[in-house]
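Taking it in order: structure first as structure tokens, then the write-up.
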Amino acid sequence: MDLKKAAVLVTGGSCGIGFETARVLRERGARVAICARHQDMLESAAKQIDAFPVVADVSKEDDVLRMIRDVVKEFDDYNVLINNAGFGSFEPLLELTTEEFFRVWQTNVLGAMLVGRESARHFVGRSYGNIVNVSSTAGQRGFANGSAYCSSKFALHALTECWRAELRQHNIRVMQVNPSEVQTSFGATESKPTRPENPSKLNAADIAQLIASMLELDDHGFITESTIWATNPK
């Protein structure tokens, strides 16, 4: 697609992969809305890249319905969803609580479904759209202490495949990206100490460039899924 004709919503867009993706898409001419739960951080991020901020919690249906209405009204159009909102929580199975398990799933799975569903309603109505689900290599292979997070990303992969099967007939491209470890402030809390930048590892801008490139492919084709690894991480 021509990104100058893109009207984009990036969930989880105030930091990390979401922010960098929004920034790259703005640089390439797209109109971009970003959503997040924390208003101050969201508005600061939006001001930096001239994006439209929408305060919303993707796990709350009323917030999602309002968010999609606001984006369509602001742009008088809407044709790209970057379904990025999510977080990680990592506990051994024997210490994993019901509350923590569902907290991860409410954002990473239910939230992705709600935003995907309401975006698809609009896309089907105009017979065109693009959905990019931001998953993880944790959705391809599990690891110790990853029960909540890995299972949520395996579930997102299933959602991607189901939506693709349903929506292709409406000229809607459903794509997925699977980053391996990315240097971002990522986790259940934002209070983790910042590690020094490691030039051998992936950063959020790498994922943003991949997403933009997938979108820029001519609309008669699409890359269903792309996995990105650091070449030789130290």
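Taking a straight line from the alpha carbon of Lys153, these lysines sit under 26 Å away, with near neighbours fewer than eight places off in the same chain left out: Lys60, Lys192, Lys201, Lys234. Close amide H contacts of Val174 (hydrogens built in the peptide plane, cut-off under 5 Å, sequence separation of 5 or more or a different chain): Ile131.
Quick check: from the Cα gyration tensor, does region 112-178 come out rounded (a/c under 1.5), prolate or oblate?
On the way: a/c = 3.28, a/b = 2.57, b/c = 1.28.
Here region 112-178 falls in the prolate category.
With θ taken as phi - 60° and the Karplus curve 6.51 cos²θ - 1.76 cosθ + 1.60 applied, the whole-hertz 3J(HN,Hα) list for region 80-90 is 9, 10, 9, 8, 10, 4, x, 8, x, 9, 10 Hz, x standing for glycine and proline.
Computed extension gain for Glu181 through Lys60, at 0.36 nm per residue and net of the alpha carbon distance, reaches 40.7 nm.
Using θ = phi - 60° in the Karplus curve 6.51 cos²θ - 1.76 cosθ + 1.60, the 3J(HN,Hα) couplings for region 58-63 round to 5, 7, 10, 4, 4, 4 Hz; x is entered for Gly and Pro.
Length gained on full extension, Gln169 to Arg141: 7.0 nm, using 0.36 nm per residue less the C-alpha separation. Name the shape class, rounded, prolate or oblate, that the alpha-carbon gyration tensor gives for region 83-231, where a ≥ b ≥ c are the square roots of its eigenvalues, rounded holds for a/c under 1.5, and otherwise prolate holds if a/b is larger than b/c and oblate otherwise. It comes out oblate by the Cα gyration axes. So how tilted is helix 39-49 from the main axis of the chain? Cα-based, degrees 0 to 90, rounded to 10. Roughly 60 degrees, rounded to the nearest 10. Against the chain, whose longest principal axis comes from its Cα atoms, helix 112-126 is set at around 10 degrees.
Sorted by mean Cβ packing within 10 Å, highest first, what order do the peptides 36-48, 102-114 take?
Final packing ranking: 102-114, 36-48.
If you add up the charges near Asp50, with Lys and Arg at +1 and Asp and Glu at -1, over every other residue whose beta carbon is less than 11 angstrom from its beta carbon, what do you get? Spelling it out: positives minus negatives among the neighbours equals +3.
Between Lys73 and Thr224, what is 0.36 nm times their sequence separation minus the Cα-Cα distance? Round to one decimal in nm. List each step's numbers first, then the result.
Working: separation 151, 0.36 × 151 = 54.36 nm, distance 2.93 nm.
Here the segment from Lys73 to Thr224 would lengthen by 51.4 nm.
Report, in degrees rounded to the nearest 10, the 0 to 90 angle that the Cα long axis of helix 204-216 makes with the longest principal axis of the chain. Helix 204-216 sits roughly 30 degrees off the main axis of the chain.
Each part reduced to its alpha carbon centroid, region 135-150 and region 12-39 end up 25 Å apart.
What's the exposure ranking of Thr98, Thr21, going from fewest to most Cβ atoms within 10 Å?
Ranked by crowding around the Cβ, least crowded first: Thr98, Thr21.
Each value in this text was obtained by applying a stated rule to the coordinates, not by laboratory testing. None of the values given here were measured: they were computed from a predicted structure. Here the Cβ is made from the backbone with ideal geometry for all residues, glycine too, and neighbour counts use every protein chain on show.
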